[in-house]
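The values are calculated or read from the model by the stated rules, or taken from the named source; none is laboratory data. As the structure is a computational prediction, the values presented were derived from the model and not from experiment. All Cβ positions, glycine included, derive from the backbone under ideal geometry; neighbour counts span all protein chains shown. Keep in mind that these areas ignore ligands, DNA and RNA; they rest on the heavy atoms of the full protein, side chains included. Shrake-Rupley method; radii C 1.70, N 1.55, O 1.52, S 1.80 Å.
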Amino acid sequence: MTKPSLSDLLKRAAERDREAFRLLYAAIGPRVKGFVLARCREEGLAEEITQEVLLTVWRRADRYDAGRASAETWIFTIARNRVVDSLRHRRVVEADQRDPQFVPDPPESLDAVVDAQKRAERIGAALDELPEAQREVLVQSFYEALSYPEIAEREGVALGTVKSRARLAFQRLRAILAGEDEP
Amino acid sequence: MTAPTHHLPEDWLIAYAGGGLTEAQCVVVATHLTLCPACRQTLAIAEEAAASTLMRAEAPLDPAGLDALMARLDEPEAPEPPAPVDAVLPWPVLRFTGPLAGQPWKWLGPGVHGVDLPQPTDGLPLRLIRMRAGARMPHRHEGFESGVVLAGGWDDEYGTYRRGDATVYAPDTHPTHDQRIHDDADCIAIVLNESRAVVEGRLFGPLARLLFRI
């Protein structure tokens, strides 16, 4: 029997399938906690936040849109928001598709919709292709949620350089992705 | 509506993906994202990259955690606040301000009114600004200014701005701002000022510096 994908488990959880949710918890829980623990460095709090994240995943599973993000990334954004809320006491304000002012994607982009799961895998591979210094700047900007001035101070380089390195790394990432999109 | 032509810098979207922006900056970003499919596409890539770098390491879960969680699945959830509706303001702004009609506009200077957003917690002046149709408001930037046009628009030395356009003005690259509001309608924008703009021009002088707190 093939292992069900996160995306399948999430769909079944949206239909209130508790067994699927147990499997989802086992599949992604340890990585959610790994991320949370790296941010808060406190075992008990990390466990508590992880539980809250997974409870939110259960409650909002019906809002997951497989065309927009991989299941892993959707769960990551919930974890990110919860971490910022719990540790920084501020909210990550987000755009919401239910907003009457939300401008929908143009129809032509529907033809170009790739499976979000496949795109996530390609992005992972593209990250590995980046030069190490560029990948490091990206990972730092993501991972530690350091402000750019902090990175610049630690690395002893100018702020403008850090920003442009992050942009450059990201553009390279997009170029690698675009190249792979060609037939 | 045409798609926005002025976008957020990619480093803002990278920082947003990692959870590194302040709440006030998030309001600006989320407002633009609501109105800009292209930047949502860029953010989707940044978030996939963030997830793939951040959720690599595993930490063992508390063995008692799963049962505790399963027992909570039927807990009633606090009801979501009712979805607000406004003909102009997107939710990231509307949830802080309430509807555009009935805002307690304060006079900030000739042709300019503003309302401070009460909620974001960073202590930075995040404001809804209303600028009169046809007004001309040259000023200088001493700090970083960002925002999103929500109605009407303007021309300045950097281009033409309309609903949905993101404005990111840095003092080193955009020191002056010769803002000419379009004639057809008042302009509404959400603006985050990391220090006050200073009005330029001999007609204004020190008094206007006090008046133009934009």
Reported set for the stretch A:72-111 where residues are more than 7 Å from chain B (Cβ to nearest Cβ), touching a residue at least 40 places away in the same chain (Cβ under 8 Å), closer than 25 Å to A:Arg122 by Cβ and open to solvent by 30 Å² or more (accessible area, probe 1.4 Å) is A:Trp74
Restricting the stretch A:37-71 to residues that are more than 22 Å from B:Ala30 (Cα to Cα), of a type in the set (Gly, Ala, Ser) and open to solvent by 20 Å² or more (accessible area, probe 1.4 Å), the one modelled with the lowest pLDDT turns out to be A:Ala38
Filter result for B:Gly109 (surrounded by 14 or more Cβ atoms within 10 Å (Cβ to Cβ), more than 9 Å from every other protein chain (Cβ to nearest Cβ) and not basic (Lys, Arg))
yes
Log entry, pairs with first residue in the stretch B:157-172 being closer than 18 Å to B:Cys26 by Cβ and touching a residue at least 40 places away in the same chain (Cβ under 8 Å), second being among the aromatic types (Phe, Trp, Tyr) and not in a strand (DSSP E or B), beta carbons closer than 9 Å, six or more apart or on different chains, reads B:Ala166/B:Trp12; B:Thr167/B:Tyr158; B:Val168/B:Trp12; B:Val168/B:Phe144
Within the stretch B:41-97, restricting to residues that are closer than 30 Å to A:Ala178 by Cβ, within 18 Å of the chain's Cα centre (by Cα) and at the interface with chain A (Cβ under 7 Å from one of its Cβ atoms), the one that is surrounded by the most Cβ atoms within 10 Å (Cβ to Cβ) is B:Pro90
Scanning the stretch B:12-36 for residues that are of a type outside the set (S, T, N, Q) and open to solvent by 20 Å² or more (accessible area, probe 1.4 Å) gives B:Gly20
Cβ pairs under 6 Å, 6+ apart or interchain, first in the stretch B:21-36 and facing chain A (nearest Cβ under 8 Å), second of a type in the set (Asp, Glu) and open to solvent by less than 10 Å² (accessible area, probe 1.4 Å), ordered by first then second residue, are B:Thr34/A:Asp99
- Item | A:Ala66 in contact (Cβ under 8 Å) with a residue 12 or more places away in the chain, within 15 Å of the chain's Cα centre (by Cα) and not in a helix (DSSP H, G or I) | yes
What about A:Gly34, is it in a helix (DSSP H, G or I) and either farther than 19 Å from B:Tyr16 by Cβ or open to solvent by 50 Å² or more (accessible area, probe 1.4 Å) (or both)? yes
Of the residues in the stretch B:4-19 that are part of a helix (DSSP H, G or I) and in contact (Cβ under 8 Å) with a residue 12 or more places away in the chain, the one that is farthest from the other protein chains (Cβ to nearest Cβ) is B:Trp12
Within the stretch B:91-105, the residues that are in contact (Cβ under 8 Å) with a residue 60 or more places away in the chain and either under 13 Å from B:Ala189 (Cβ atoms) or not in a helix (DSSP H, G or I) (or both) are B:Val93, B:Leu100
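Pick from A:Glu47, A:Glu52, A:Glu43: which is within 8 Å of chain B (Cβ to nearest Cβ) and out of contact with any Phe, Trp or Tyr (no Cβ under 8 Å at 6 or more places or on another chain)?
Result: A:Glu47 is the single residue among A:Glu47, A:Glu52, A:Glu43 that is within 8 Å of chain B (Cβ to nearest Cβ) and out of contact with any Phe, Trp or Tyr (no Cβ under 8 Å at 6 or more places or on another chain).
Please go through the stretch B:166-180 and pick out each residue that is open to solvent by 20 Å² or more (accessible area, probe 1.4 Å) and of a type in the set (S, T, N, Q).
Correct list: B:Thr173, B:Thr176.
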Under 21 Å from B:Gly19 (Cα atoms) and modelled with pLDDT of 95 or more - does that describe any residue in the stretch A:18-28? yes
**Prompt:** Quick one: is A:Pro149 farther than 15 Å from A:Leu177 by Cβ, modelled with pLDDT of 80 or more and open to solvent by 30 Å² or more (accessible area, probe 1.4 Å)?
**Reply:** no
